Amino acid sequence: MVFEDWLLNRAERGNPATRLVRAWSDGNEVRALVHGAAYFAELVAAIRRLGPADLLLFTDWRGDPDERLDGPGTEVSRVMADAARRGVLVRGLIWRSHLDRFQFSERENRHLGQEVEEAGGRCLLDMRVRLGGSHHQKLVVLRHPGRPELDIAYAGGIDLCHSRHDDEKHAGDPQCQPMSASYGSRPPWHDVQLAISGPAVGDLETVFRERWDDPTPVTRNPLYRVRDRLQREDTHAQPLPLQLPDPPTCGDQTVQVLRTYPDRMGSGYPFAPQGERSIARGYLKALSQARELIYLEDQYLWSRDIAEPFARALADNPGLRLVAVLPRYPDQDGRLSLPPNLVGRIEALRMLSDAGGDRVAVYSVENHAGVPVYVHAKVCIIDDVWACVGSDNLNRRSWTHDSELACAVLDNTDSGSSRQCASDGFASRLRVTLAREHLDSCDDAELRPPLAMYDAFAQSAARLDDWHTAGGHGPRPPGRLRSYPTPHLSAWTRGWASALYRAVYDPDGRPAPMRRRRQF
């Protein structure tokens with residue numbers, strides 16, 4: 001395996017100020033936890049094993065204190081507060097969020113932090129973001145002084161909040177947040193989180209520590225500062241104990257930690273003074289190696305800037321195919337499903353289609369009751385060699401503007417090329433696991449060849465589409481894939497109104513002047 005062909009070296013990260021001193025780490029064990037039910041059950045068990053002086057460090061975009069991780073008595077705040085009362089050092093960084101009237105999560109995040117603090121932990125409501133941005137990283141790190149073999153980190157797309165507790169049946173989370181009526185009263189939710197053991201846990205802890213140790217005030221908003229003072233809110237990070245040595249090697253995976261941090265106007269981050277674009281740069285480097293199949297699961301996939309490197313890979317490699325699994329309706333609550341956002345998706349899909357033709361296939365997912373499944377996963381698998389799972393979506397916001405965290409995973413191979421040894425590696429296993437669910441299939445051997453899976457997706461979606469077209473008569477065919485609906489805004493995208501709208505408001509939902517400052 002020539003890692004340098006697929007992974008960024010330290011200079012290519014483009015952020016010499018970071019304390020991530022190595023480009024990647026070897027000897028890790030990486031497991032994919034598909035769906036919130038699998039992740040939450042493992043997480044609550046791991047937290048309950050923590051004892052006095054152990055560390056629980058977490059970052060989150062949204063945290064609902066009453067979300068049950070694994071049944072009654074496992075509410076997020078209760079599990080973390082119980083750990084703090086046992087003497088576990090609990091430290092959290094939760095995005096402060098914009099005001100609740102804009103349909104974000106200011107109240108929920110504040111309540112989670114308060115309940116943990118009352119038990120002896122510390123949570124900071126972190127608004128150190130660029131204007132209009134968010135802290136979108138979803139990370140939990142568990143360290144055990146004297147028992148490093150138990151150290152583990154969880155990183156990916158799953159927040160500790162409502163709607164995330166779903167499984168492969170996709171009946172939805174009983175504790176659901178408001179969403180578009182198209183997803184029903186209990187919206188099905190598809191997501192992925194990584195469980196990582198080995199030296200990469202130290203790298204992910206460093207990600208947390210860089211943000212925790214940032215001396216910049218957690219908010220520059222004077223109204224927030226006054227309110228924090230009146231409510232005696234904890235706004236100062238207490239020093240953490242010295243970081244432990246990395247856990248021992250325990251597996252065959254190489255892990256590269258990738259991030260996005262914005263180039264903040266005014267005071268930047270001390271660990272990323274000009275921001276960091278290693279997620280975008282990591283994608284660009286891996287895409288340059290793509291020859292056979294790019295498999296995507298993503299919440300958005302919009303913006304020409306993001307689609308362009310995928311389209312270039314398709315145009316440069318006539319044998320390359322691309323599969324994308326997306327939500328049928330672009331946003332969970334309609335807040336971002338506005339004309340500029342729809343324009344962004346249409347333009348992205350059109351660019352991919354122009355470059356790849358029938359080598360590009362786009363699908364949505366439904367459960368067996370015919371209810372659309374909200375795809376929240378952020379997964380990219382290239383040629384069964386490079387797999388990336390994280391908090392980042394395929395939009396410019398995630399590649400330039402919000403704080404994001406992803407892990408690129410490759411397998412260590414002692415002999416042969418990476419492509420020859422990829423069929424039994426992590427990336428291949430993850431792709432087959434996801435395909436099995438979407439196809440209602442148990443035949444791993446049939447799905448292991450990437451192009452065979454490409455054809456199986458097309459055939460399954462066609463059968464289900466035909467069944468729906470015929471009125472749903474007769475037995476429902478196996479599989480959950482539907483061909484992605486043809487966009488209906490072609491007149492808009494060709495019109496002068498589209499150009500004018502995009503000149504002042506971009507498809508990622510932000511004023512256009514914010515979008516061009518320091519690209520990838």
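Structure notes:
- Per-residue HN-Hα couplings for segment 171-183 [Karplus 6.51, -1.76, 1.60; θ = phi - 60°; Hz; x = Gly/Pro]: 8, x, 8, x, 9, 9, 9, x, 9, 4, 4, 4, 9
- A probe of 1.4 angstrom, applied to the heavy atoms of all protein chains, finds Y374 with accessible area near 0 square angstrom.
- Computed extension gain for A462 through L244, at 0.36 nm per residue and net of the alpha carbon distance, reaches 73.2 nm.
- Calculated FRET efficiency for the pair A470/F3, C-beta based, R₀ 51 Å, to 0.05: 0.50
- Note on H368: accessible area is roughly 100 Å² with a 1.4 Å probe, heavy atoms of protein only.
The values are calculated or read from the model by the stated rules, or taken from the named source; none is laboratory data. Model, not experiment: these values are computed from the prediction. Glycine also receives a Cβ, built like all others from the backbone with ideal geometry; neighbour counts cover every protein chain displayed. Note: areas computed on protein heavy atoms with side chains; ligands, DNA, RNA excluded. Shrake-Rupley method; radii C 1.70, N 1.55, O 1.52, S 1.80 Å.
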